[in-house]
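Readers should treat all values here as calculations from the given coordinates under stated rules, not as data from a laboratory. Predicted, not measured: the structure shown is a model, and the values here were computed from it. Note that each Cβ is placed from the backbone with ideal geometry, even for glycine, and that neighbours are counted across all protein chains shown.
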Amino acid sequence: MRMERNLSVPGRFDRLQQVGYLVAEAAKEAGFDEDDVSRCQLAVDEACTNIIEHGYGGEDKGKIEVACEALPGELTITIRDQARQFDPNVAPPPKLETTIENLGVGGLGLHFMRQVMDRVEFSYENGGNKLILVKRK
Amino acid sequence: MEISTQEQKHVSVMSVSGRVDSATAPDLENSLKKLVEADKTQIVLDLKDVEYMSSAGLRAMVSTLKAVKRVNGDLRLANPSPRVEEVLRLAGLTSIFSIHPTQDEAVASF
């Protein structure tokens, strides 16, 4: 059975927990275990943080819309924003396994999304960014 | 997120609980910064009760680690849950931080 959940929140860090709850409920409906539920929450949290920090350039600059579609064993999360266009190809990669002096933690959000989800797809349409995240059991 | 700090044998032990995300990580970073500014640079961060951590939490930990390493201190981690450990591993930080299974072992390692 297909289940859908939608939420629109202002782009603020204190709303991420609410988004996380929505994603957790949808991931449970898809039949995921606690670890995969947490991974889906992490991916969405990082995506929304990037939208607020880099897309809008701060809090309360625009809204974030999250839609979850749960099928047995598969969760599709679509995140939309009206921030400036995001091109994942120009985002700096994280510096992993480096020395403390060189260590930076920029670029980790996108890296996490790609590590924990099965599909991460960015597009820009109708004046807004659209991110599709898919996780399969 | 809640934070409490206690002193043990010249080591500051900061225990964190709840969610460490973009909304709460600045509080964690500020609390750690206050310790460093007070010349308390041997720090154990007990993560036992952290139920969730995003890259924002890692950023707070890494900036503190850099600050204390400059003055020959260290920030060592205790009790990360498997979920927090996974986030550390994904970020390539398990070889950067000294990670201990218990708070006592982390304190004793100084």
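From the helices alone, meaning DSSP H stretches of at least four residues, give me the mean residue ellipticity at 222 nm for chain A, per-run term -39500 (n - 2.57), in deg cm²/dmol to the nearest 500. List each step's numbers first, then the result.
On the way: 3 runs with 40 residues, N = 137.
Result for chain A: -9500 deg cm²/dmol, rounded to the nearest 500.
What does the extension gain come out to for A:Arg119 and A:Glu74, with contour length at 0.36 nm per residue minus their alpha carbon separation?
15.1 nm
Enter the mean projected area of the convex hull around the alpha-carbon atoms of chain B, in nm², rounded to one decimal.
Details: hull surface 23.0 nm².
Its Cα hull, projected and averaged over all orientations, spans 5.7 nm².
Quick one: Cα centre-to-centre distance for region B:1-68 and region A:55-133, in angstrom?
Their Cα centres are 26 Å away from one another.
Given Cβ point charges of +1 (Lys, Arg) and -1 (Asp, Glu) and nothing else, what value in debye, to the nearest 20, does the dipole of the protein assembly as shown about its Cα centre take? Present the calculation step by step, with values, prior to reporting the outcome.
Numbers: 30 positive and 38 negative charges, 94 e Å.
Here the protein assembly as shown has a charge dipole of around 460 debye.
Could you grab the Rg to Rh ratio for the protein assembly as shown? Cα atoms only, Kirkwood for Rh. Provide the component values of the computation, followed by the final result.
Working: Rg = 18.5 Å, Rh = 18.7 Å.
Over the Cα atoms of the protein assembly as shown, Rg/Rh equals 0.99.
Within chain A, what is the number of lysine pairs with alpha carbons under 21 Å apart, leaving out pairs fewer than eight places apart on the same chain?
Lysine pairs meeting the criterion: 4.
Rank the residues A:Glu25, A:Glu69 as a footprinting-exposure proxy: fewest other Cβ atoms within 10 Å of their Cβ go first.
Working: A:Glu25 15, A:Glu69 18.
Fewest to most other Cβ atoms nearby, the residues stand as A:Glu25, A:Glu69.
How would B:Leu45, B:Leu88 line up from fewest to most surrounding beta-carbon atoms within 10 angstrom?
Numbers: B:Leu45 26, B:Leu88 21.
Starting with the residue having the fewest Cβ neighbours, the order is B:Leu88, B:Leu45.
Based on DSSP H runs of at least 4 residues, each adding -39500 (n - 2.57), what is the mean residue ellipticity at 222 nm of chain B after dividing by all its residues, to the nearest 500 deg cm²/dmol? Could the numbers behind the result be given before it?
Working: 4 runs with 43 residues, N = 110.
Only helices count here, giving -11500 deg cm²/dmol.
Pick out which of A:Asp36, A:Asp118, A:Asp81 has the largest mean-square fluctuation in a Gaussian network model of chain A, springs linking Cα atoms closer than 10 Å.
Sorting by GNM fluctuation, first place goes to A:Asp118.
Given a Förster distance of 45 Å, report the FRET efficiency between A:Arg84 and B:Lys9 from their Cβ-Cβ distance, rounded to the nearest 0.05.
Values: r = 51 Å, r/R0 = 1.14.
About 0.30, to the nearest 0.05.
For region B:2-108, give the share of DSSP beta bridges that are antiparallel, in percent and rounded to the nearest 5; count only bridges with both residues there. The partial results should precede the final answer.
Numbers: 7 of 23 bridges.
Antiparallel bridges make up about 30 percent of those DSSP assigns within region B:2-108.
Tell me, what is the FRET efficiency for A:Lys61 and B:Asn72 to the nearest 0.05, using R0 = 35 angstrom and their Cβ-Cβ distance as r? Each step should come with its number before you reach the end.
Values: r = 42 Å, r/R0 = 1.19.
Efficiency at R0 = 35 Å is approximately 0.25.
Test of the criteria: in region B:1-97, which trypsin sites (Lys or Arg not before Pro) are in a DSSP loop and have at most 16 other Cβ atoms within 10 angstrom of their Cβ?
On the way: sites: B:Lys9, B:Arg19, B:Lys33, B:Lys34, B:Lys40, B:Lys48, B:Arg59, B:Lys66, B:Lys69, B:Arg70, B:Arg76, B:Arg83, B:Arg89; in loops: B:Lys9, B:Lys40, B:Arg70.
Sparse-neighbourhood loop trypsin sites (Lys or Arg not before Pro): B:Lys9, B:Arg70.
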